[in-house]
1. One quarter of the convex hull surface, Cα atoms only: what value does that give for the chain in nm²?
2. Too long at a 21 Å Cα-Cα cut-off: which of LYS61/LYS90; LYS36/LYS90; LYS48/LYS90?
3. Please identify the chymotrypsin sites (Phe, Trp or Tyr not before Pro) of the range 54-152 that satisfy two criteria: DSSP loop assignment and at most 10 other Cβ atoms within 10 Å. Which are they?
4. Give the dimensionless ratio obtained when the Cα radius of gyration of the range 75-152 is divided by 2.2 N^0.38 Å.
Amino acid sequence: MRLIFEDKLIARHRRCWGREESFFEPVHYLALLERKPGGFDHARPLEKWNLPVCFGVLRRKLEAEHGGSGTREFIKVLRLLERHSMSVLKRAVCHGLEIGAIDANAIRMILEYQQDSPIALFCLDGRPQLKLVQVARTEVAVYRSLLREVDP
């Protein structure tokens, strides 16, 4: 089954042909559960969702650190699946656990950092005129003198 809004595919679900059988996409329910985190452990769409072990560790740490709001913070981390694959998020969560950065914003920053491309060095090949440019070494003392002038 496909859900389309203004010629844009919003969601795609497997069709269920069996009696009293349902297929759920857990990610689609996370926004609701973020508002009502008390239902997280009892939500039918999440019953058969097998998350990697590191997610369970993350949840326990968040709940130990934040108490009742830890589940909501965990759901915010899971909501990153709306834009990233499970394997990419798993790598970010594992890294976050290693360095002790476990809240949703930290995991999001780790994701962004991991997806950034390394900056390529500027190559001087074919630009011989630039090899002649000399840049003076920065003297920190100059900046200190500026600070002394500002101090009352």
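1. 19.6 nm²
2. From the list (LYS61/LYS90; LYS36/LYS90; LYS48/LYS90), the Cα-Cα distance tops 21 Å for LYS36/LYS90.
3. PHE122
4. Normalised by 2.2 N^0.38 Å, the Cα Rg of the range 75-152 equals 1.92.
Bear in mind these aren't lab numbers, they're just calculated from the coordinates by the rules spelled out. Computed from a predicted model, the values in this text were never measured in an experiment. Here the Cβ is made from the backbone with ideal geometry for all residues, glycine too, and neighbour counts use every protein chain on show.
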